[in-house]
Every structure is written in structure tokens, then in C-alpha cells.
1. Would you confirm whether or not region 149-166 contains a residue that is surrounded by 15 or more Cβ atoms within 10 Å (Cβ to Cβ), on the phi > 0 side of the Ramachandran plot and without any contact (Cβ under 8 Å) to a residue 40 or more places away in the chain?
2. Check ASP83 against each of (1) under 24 Å from VAL131 (Cβ atoms); (2) of a type in the set (Asp, Glu); (3) open to solvent by 50 Å² or more (accessible area, probe 1.4 Å) and name the one condition it does not meet.
3. When both residues are 6+ apart or on different chains and their Cβ atoms are under 7 Å apart, which pairs have a first residue that lies in region 102-131 and is at positive phi, and a second that is crowded, with 19+ Cβ neighbours inside 10 Å and assigned to a loop (DSSP other than H, G, I, E, B)?
4. Condition test on THR66, is it touching an Asp or Glu at 6+ places or on another chain (Cβ under 6 Å) and not small (Gly, Ala, Ser)?
Amino acid sequence: MESSQPPVVPGRGGEPRPGDLRAGSADRERVAAVLGDALADGRLDPVEHEERIEALYRARTLGELTVLTTDLLPPEAQPLRTDIRAVTAFFGSQERSGRWVVPTRFPATAICANVTLDLREAMLQSSRVTVQATVLCGTLTLIVPEGVRIEMAASTVMGGMQNQVPPAPGGPVIEITGLVGLGSVVAKPPKRPRRSWFRR
């Protein structure tokens, strides 16, 4: 069974680019599923599908996998995301979720808006990540899996911060810095599956 803790990228004499990170079996399965759907609905013909499947199993890095689906889905629907652009929302909402790389320093802005960073399937680029938050009349929510420690160091002006994540000594750290004004930052674990009232 895979650990619920986001994997941390090891250092190699300097921070690797997200696309240079090693791909795992689960990453290949995500891409293979997209290619299969594209074959089924005619976006890929059998020859193209076979060529991409062969490239998929030769791929060693996330970058080599992402190019196989770039023309099949919009950016927000890609099975793997190696872009490290900031998440910014004004008078609306934005979410970053799925299999994505969290850079060592990651800006997140919510102005009269809601931003959600779902880290359940994310890959941390280092063992200590800093989320540079700018929250004004909005909410920044982090969904954090087991094994990650949250440190809240942001300044607040009539705002609040809630850390609902159980302490995890020795695990990777996500530090939240920046400014929270008339808004809130919430770090919480994933919801537990509801137990059925009826047991077979």
C-alpha cells in the first residue's frame, strides 16, 4: 500500500526541475488511462496510441510523461502537472489538486476568493516547503495528508489561522507565511470515509 504522505524529492546537488523528477508506476497508469480514453473516442488512432504507449513505458521522468497528454486535455485536467505557477484567485475560486509538484516556495493569493491546495496526491519538491500566502477577505484551505507537519507563521490583521492537522514529528514541513487580512487560512486532514449504517 502506498504511503499517504506526499513523496519528497531528494536533493541532487541543487533542486531538480519538476519535469526531471522520477515517474512512478501510478504516474504511468494515470497517463495510460488518458491515452486509452483518447483511443476509445477517436482522438488517437491505433497507431498513435501504440506509439504513445511505447513512449510511456520508456519514460523515466514526469516531464517525459506529461508531453504524451498535452494535446489531449486542457491544463487543469491533465493527469500530471509539473507547472509551478502560483495559484491566484480574485472574486472567485481556484483549486490545485491531483498529482502535482509543490515547489519549495509557492505563492497562493486569495482576494475576496477561495483557494484550495489539495496535497493528498502531490509531490513535494523539498522536505521544507513555504507557502507564501496573501489572503484578503478570502480563504486559503490546505488539505494535508498524514505525515506532514504544518507551521503557521503568517501575519494576521483581523484574520485567523486554523491548523487542524495532527503533529507529525520527523515528516516534511509546510510553512505558511505572508499576510492574512479579514480572511482565514485553514490546514486540515482529508475527510474520513463515512461508515455505512448497514453492514453486510
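1. No, the conditions are met nowhere in region 149-166.
2. Tallying (1) under 24 Å from VAL131 (Cβ atoms); (2) of a type in the set (Asp, Glu); (3) open to solvent by 50 Å² or more (accessible area, probe 1.4 Å), ASP83 fails exactly one: (3).
3. Filtered contacts from region 102-131: CYS112/GLY138.
4. No, not satisfied.
The values are calculated or read from the model by the stated rules, or taken from the named source; none is laboratory data. Quick caveat: nothing in here was measured; it's all calculated off a predicted structure. Virtual Cβ from ideal backbone geometry, glycine too; neighbours counted across all protein chains shown. For the accessible areas, the whole protein counts, side chains as well, though only heavy atoms, and no ligand, DNA or RNA atoms are used. Shrake-Rupley method; radii C 1.70, N 1.55, O 1.52, S 1.80 Å.
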